[in-house]
Amino acid sequence: MTQAKTNGAVAPIADARDEAVASDQLLHDVMILTPQLPTRADGIAVGTLDGFDINGGALVSIPTLGLSRIPARSINPLDGTQVGQSLALGFEDCDPLRPIILGFMLTAPQAGAPVPAEVLLDGERIALTAERQIELRCGDAALILSADGRIELRGTYITSYASATQRILGGSVNIN
């Protein structure tokens, strides 16, 4: 680079060779810092749910492909509590810019973390299991099962029907 003196001040003058070197360096830096997007995305990738666009569509990042905040479709409903979680992604027509959220990555529970309730469906019955309490609620009605054996049935009106004998058994029975 050469310099010119005007009115006592020194000003740099770039010649064509200096501009070409600077341009080549910029292109080199961009190519190194920007990963090349693959033309195909086969298999499953792990990404992160970044948030939602103004229309409620999911935005995901895929670090292995160098992509961030790209629109994605999902096979399950999503909500704001899941932002930041890792997820498994498939790709429509193997296009890396058309990810489909397949589900969230499960992690092993940490020591002391609450154990989620267990649900067993076998086609004939549903078994809900919890450590401390199960509560079924609908409006003003509630059925609460506690680990200590208490059962609470709450409601504005409670009706009980039996086609055979209806028995009320207990150590003591209080009515009103």
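The values are calculated or read from the model by the stated rules, or taken from the named source; none is laboratory data. Keep in mind that this is a model prediction, so the values were computed, not measured. Every residue, glycine as well, gets a Cβ built from its backbone with ideal geometry; the counts of neighbours run over all protein chains shown.
Which of the residues spanning the stretch 127-149 are in a strand (DSSP E or B), closer than 22 Å to Thr159 by Cβ and not aliphatic (A, V, I, L, M)? Before the answer, list the steps.
Within the stretch 127-149, the subset in a strand (DSSP E or B) is 127-129, 133-138, 141-146.
From the residues that got through so far, the ones that are closer than 22 Å to Thr159 by Cβ too are 135-138, 141-145.
Passing the criteria: Glu135, Arg137, Cys138.
What do you reckon, is Ser74 at pLDDT 90 or above, touching a Ser or Thr at 6+ places or on another chain (Cβ under 9 Å), farther than 28 Å from Ser146 by Cα and small (Gly, Ala, Ser)?
Details: at pLDDT 90 or above: yes; touching a Ser or Thr at 6+ places or on another chain (Cβ under 9 Å): no; farther than 28 Å from Ser146 by Cα: yes; small (Gly, Ala, Ser): yes.
Answer is no for this residue.
Determine, yes or no, whether Arg154 is among the charged types (D, E, K, R), surrounded by 10 or more Cβ atoms within 10 Å (Cβ to Cβ) and either more than 32 Å from the chain's Cα centre (by Cα) or modelled with pLDDT under 80 (or both). First the steps, then the outcome.
Values: among the charged types (D, E, K, R): yes; surrounded by 10 or more Cβ atoms within 10 Å (Cβ to Cβ): yes; either more than 32 Å from the chain's Cα centre (by Cα) or modelled with pLDDT under 80 (or both): yes.
In short, yes.
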